[in-house]
Every structure is written in structure tokens, then in C-alpha cells.
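Asks: Attaching a single structure in C-alpha cells format; questions to follow.
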Amino acid sequence: MIRVPLLSGTRLVVATAPDDAVVLRPPTPGRAVADIAAAVRDALRFPLEGDGIESLVSRGARATIVVEPPALPIPGASVDPRPTAISAVVDELERLGISTGYQTFLVAAGLARRTSQHELESLVTPELARRFHGHVVVHDVEDPELVQLDGASRPPLRVNRALVETDLVIVVSAAESVLHGGPAALLGASGSDALRSAGAYSLLETTASQGWHLSLSLERALAARVPLYGVSLVLNHPQFSGAMRGYPYEPDALERIAGSPLRHVYGALPEMLRRDVLRSLRTDITVAAAFGGHPSVAHAEALLRAVELRRTEVDEPLDSLVIGVPRVTPFLPRERPNPLTAAYLGLGLALRLWRDAFPIADGGTAILVNSFRRHFAHPTQQPYRAFFHATRLGRDPRVLADAERAAAADPRAVADYRAGRTVHPLLPFRDWNACQPALGRLGRVLVAGAADATTVRQLGFVPVHGVGAALEMARGQGHERIGFLLSPPYFPLRVRAP
């Protein structure tokens, strides 16, 4: 038997897996660039196609730098490399004659909670925060002054004024998926109707991604008005320090953690102390490469490189897959997840990071290891209450559609979002929609360690006492090829089609 440590909320669960289980580990983080700023400068001067940034800049012009909150990867880093990359872009613009007073930061968070003033400082280096004299705009998807780019598009494409009232737009992002980074960062600065429609069957394939095609449409419409440039970073997997060093990359680390007597002491701690212990662990993320050019071109190349560096091969789809769900939300600030965000992490994120084929056979079982407690961080997650209220009698699509329209028209919910207190009222419905590609392929979803059976059943899942019982239920369905996804971080799976 194999002992497999899994992170469930703040708890460390050690599952006993059969000898023939498929343990999926991400590859060890690759080599990092020695100088992030130099790599970004090269990306600005030597793009993948066309001329460098110097040909787009005139002295005294205005520039808008589009950035995303670093919500991915999970977990985040104690010291994230993206602020260094942003600082390098600002320095290069200054060298070309655009002082910081003529630069604007546009923070595009999409439907997530609008970034607060305190959080804005974490997006740049302390040195840049002290000397920056330009404007900082936090995008508001409900802003009535959004500029319409393409009225014929459905949904209509409306964007922040900072994207059109400028002489140059530069997107600085990390290539995490087709919906995160590159042209998707521009889409994050659009209206709620476009963002609600930005779905994807797989987060690593563009073919069936409406969000990717919407992003390209917006990019083309914006490029007709203002020059665009993109810098896309390829990030290595996060590396943990302390007691978690080597996890989940090294087999020796798995055995060391599973056999450590300290895990029993850790498990006996109150949840608040366990959370503090996890937060105290240093996490490092490094940059493997940086690419420049048109935002979609640079992002596509960086995403392909990231997938190759971070992927794990799966010979054939599994019958069942066990996925640990940590105590984080998929948006910032990091909070305790509610049951829907926990489901999104497992089904909408981990089970959409695939290429070539879905990692679980049709009719298979996904086992999510999390308590799924019905808890909503106040006030950030209050819109999720409306989703659970709408699904208390079932998940009929017509009922959910009516509830979504009501949520979007709720003036108090929209006002709370615009004030930066909560996520947008449409985000819970988009999270649920992101789970549908996986739910459409799976036979059942088991929640191992469920503490609130009623909430689990409300989502259409099956509550189970623990991982062992969930594995027995899966075997009872004839599922013999069982896999364990060692995470976080969640990582790309390249699956050979059956």
C-alpha cells in the first residue's frame, strides 16, 4: 500500500492507496532566469514578431499598463516575480521618454473583488510604489462610462476608458491558462456581460474556449484604436520551504511528510493555528522565460512553454481521481472557501487543466477531499449566499438563469461590488458554469471528509466520511484505475486519448 499525503483545507490527510494506484506528481520546478528585469527588457526589445516597443513609443506619450491580481498559481508566493517584471516595463518606458507621470496602471480583476488600496501596493515593488507618480485605475465592470468597441459583437465589447484614452497599451501577465493572462487580461477590463460569457471547456486548449475567442475579438477591436504590446511570463511551479519542502515533487518528501510524527501534532491544532502554520511556510515562484509581442501571440507561446515545463503525462483516462482542495479561494484576498469555491477549485480549475483528453473516463468518479463547510467570509463572499438560496430546491437551469438575472439586477449587491466589499454577484454563477465541463463527463462526485452533508447534496454531490470510504465506493462501481492528484499546485495533465 502507498501512503499519499493530501492537503484538505488546512488539514493534512494521509490516504492509503492501493499498490497499483496512479500517483500524479508535477515535475520539479525548472531552471529560472537569473535576472527577471533583463528578461523582460529583452521581451520588450525583441518580440516574437514585428518591431520592438521602441517603434510604438514617442517621447511624452501616454501609456497604460494592464496587470492582473496574482490569483494563480495556487498557492501564491511569498515573493512574487510579477512586480519585478512590472517595474522593468516602467523603467523601459521611462528610458524611452514616458515618465511615470504619463503612465497608468489598470488593474483588471474581472468579476473578482476590486483590489483595495492596501493590496495595490503588493502588485509592484516597494521602490516603484514610492516613486510612481502616474494614475492607478482599478477596473469596475459596472462602470457606466465603459467605452464600446464593437457594438455588433454578442455580447457587446465594452472596456475601461484607460484602454482607449492612451497612446499605448502594454499587458504584463503570467501565462496560466487561456482565461488568465495575455488577451484575457484585456477581457478582465471589460463589462460584466462579456466576462460572464468567457468560458472554456479546457483551460489549456483554445478550440472550445469562448473566453479565448472573446479575448481575441476584443484585442483586434482595441488594436484598431491604439497600439498593443504584451509581455507574458512563464512561471515555474511554486517551491515550498520548511516541513513541506520537496512536496509534491519528490517521492522522498511524500514519505517523509506521511511518516512524520509532527503531522499528528499539526492535526491536533485548532484550524486558526493550522492556517497560520501554512502561511508561515515560505513559497517561492521563479520565472522560466519571458516573451514579448502582440498580447495573444506572446501569451500563446508562453502558455505552450509553461505547459511543457509543468505538465505530467497520463497514459489513459482514469476511472477515479482523488483531488485535495486546500483552504484558499481562487481569487484575492485569500480566504476560507465556501462549498462552491471549493467545488470550483477541484472541478473548474484542477479538472480543466488538461490537453488532448479529459483525465477521467466518461462516467468516472471525482473524489474531492474537503470539508465543504457552509461558510461565507463576510462581506467578500456574500453573493454566494444568493446562489445557494436559488439551489435549495434543485439546480434546474431555468431557476438558476432566473436567479442569475435577479443577482445581476440587485442594486445592493452591485453597489457592494463597486465599493470593493464583495465579489461581483455574477461570479458564483460563473464558477458553477466552470464546473459543468467536468460534471458533464463524470458519473459522480464524492466529497471525502464532508462536514455538511446537506450542502454537498445541494450541489448534486455525494458526501462520504473519508477517503477510504470514497475509494471503496468507487471500486464498487467497477473503477479499478484510481489516481491521486498531488497538489497544490494544480498542474497541466496531458492525457493520451483512449
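Asks: Measuring from label point to label point, each 7 Å out along Cα→Cβ, what is the HIS389 to SER99 span in nm?
Replies: The modelled label-to-label distance comes out at 5.2 nm.
Asks: Which whole-number value in Å² is the accessible area per residue of the chain, probe 1.4 Å?
Replies: Working: 19740 Å² over 498 residues.
Averaged over the residues of the chain, the accessible area is 40 Å².
Asks: Taking Cα extents along the principal axes in Å as the quantity of interest, determine which of (1) 78, 62, 41; (2) 110, 50, 40; (3) 68, 51, 45 was computed from the displayed structure.
Replies: Matching the structure shown: (3).
Asks: Let me ask something additional. What is the local net charge at GLY110, summed over the other residues whose Cβ is closer than 13 Å to its Cβ (Lys, Arg +1; Asp, Glu -1)? List each step's numbers first, then the result.
Replies: Numbers: positive: ARG113, ARG114, ARG196, ARG430; negative: GLU68, ASP140, GLU142, ASP193, ASP431.
Overall, the nearby charge balance is -1.
Asks: Hey, another quick one. Taking H placed 1.01 Å from N in the peptide plane, check which residues at least 5 places from VAL369 or on another chain put their amide H under 5 Å from its amide H.
Replies: ILE323, GLY324, VAL325, ALA448
Asks: Which percent, to the nearest 5, of DSSP beta bridges fully inside the chain are antiparallel? Walk me through the numbers before you get to the answer.
Replies: Numbers: 20 of 67 bridges.
Once the DSSP bridges in the chain are tallied, antiparallel ones form about 30 percent.
Asks: Still on this model: Can you give the FRET efficiency to the nearest 0.05 for THR16 and GLU205, using r as the Cβ-Cβ distance and R₀ = 45 Å? If you can, show how the numbers build up before the last one.
Replies: Details: r = 35 Å, r/R0 = 0.77.
The computed FRET efficiency comes out at 0.85.
Asks: Right, next: How far, in nm, would the chain grow between ALA497 and HIS135 when pulled straight, counting 0.36 nm per residue and subtracting the alpha carbon separation?
Replies: On the way: separation 362, 0.36 × 362 = 130.32 nm, distance 4.95 nm.
Here the segment from ALA497 to HIS135 would lengthen by 125.4 nm.
Asks: Moving on. Distance in nm between label sites at ARG418 and SER153, each 7 Å beyond Cα in the beta-carbon direction?
Replies: Placing both labels 7 Å beyond Cα along the Cβ direction yields 2.3 nm.
Asks: Restricting to DSSP loop positions (anything but H, G, I, E, B) with no more than 13 other Cβ atoms inside 10 Å of their own Cβ, which chymotrypsin sites (Phe, Trp or Tyr not before Pro) remain in the stretch 135-242? Provide the component values of the computation, followed by the final result.
Replies: On the way: sites: TYR201, TRP212, TYR229, PHE240; in loops: TYR201.
Hits after loop and neighbour filter: nothing returned.
Asks: Quote the charge dipole size of the stretch 18-66 about the Cα centre in Debye, to the nearest 20; the model charges only the Cβ of Lys and Arg (+1) and of Asp and Glu (-1).
Replies: Working: 6 positive and 7 negative charges, 75 e Å.
Roughly 360 debye, rounded to the nearest 20.
Asks: Against the longest alpha carbon principal axis of the chain, how many degrees, from 0 to 90 and to the nearest 10, is the axis of helix 295-310 turned?
Replies: Taking Cα atoms only, the helix is inclined about 30 degrees.
Asks: Using a 1.4 angstrom probe on the protein heavy atoms only, could you order HIS237, HIS135 from most to least accessible area? If you can, show how the numbers build up before the last one.
Replies: Working: HIS237 5, HIS135 120 Å².
In descending accessible area the options line up as HIS135, HIS237.
Asks: With n ≥ 4 as the cut-off for DSSP H runs, can you work out [θ] at 222 nm for the chain, using -39500 (n - 2.57) per run divided by the number of residues, rounded to the nearest 500?
Replies: On the way: 18 runs with 162 residues, N = 498.
It lands at -9000 deg cm²/dmol.
Asks: Whole angstrom only: what separates the Cα centroid of the stretch 76-110 from the Cα centroid of the stretch 197-239?
Replies: Between the Cα centre of the stretch 76-110 and that of the stretch 197-239, the gap is 19 Å.
Asks: Right, next: Defining a contact as two alpha carbons under 8 Å apart and six or more residues distant in sequence, what relative contact order in percent does the chain show?
Replies: On the way: 1094 pairs, mean separation 105.6, N = 498.
So the answer I get is 21 percent.
Asks: Take the solvent-accessible surface of the protein heavy atoms, probe 1.4 Å, and return the percent of it on the chain that carbon and sulfur atoms account for. Could you put the intermediate results ahead of the total?
Replies: On the way: 9970 of 19740 Å².
C and S fraction of accessible area: 50 percent.
Asks: What's the magnitude of the charge dipole for the stretch 184-260 around its Cα centre, counting Lys and Arg as +1 and Asp and Glu as -1 at the beta-carbon? Answer in Debye, nearest 20.
Replies: Here the stretch 184-260 has a charge dipole of around 280 debye.
Asks: How high is the relative contact order of the stretch 113-221, in percent, counting Cα pairs under 8 Å that sit 6 or more residues apart? Each step should come with its number before you reach the end.
Replies: Numbers: 134 pairs, mean separation 22.3, N = 109.
Worked out over the stretch 113-221, it gives 20 percent.
Asks: Count charges around ARG45 for me, please; just the other residues with Cβ under 13 Å from its Cβ, Lys/Arg as +1, Asp/Glu as -1. Show your work: numbers first, answer last.
Replies: Numbers: positive: ARG41, ARG95; negative: ASP42, ASP51, GLU54, ASP91, GLU92.
Around ARG45, the charge tally is -3.
Asks: Could you give the nm distance between label points at ALA453 and GLU54, where each point is 7 Å from its Cα heading toward the beta carbon?
Replies: In this crude label model, ALA453 to GLU54 measures out at 7.0 nm.
The values are calculated or read from the model by the stated rules, or taken from the named source; none is laboratory data. Predicted model, so just to flag it, every value in this text is computed and none were measured. With ideal geometry, Cβ positions are generated from the backbone for all residues, glycine too; neighbour counts draw on all protein chains shown. These accessible areas exclude ligands, DNA and RNA; they are computed on the full protein's heavy atoms, side chains included. Shrake-Rupley method; radii C 1.70, N 1.55, O 1.52, S 1.80 Å.
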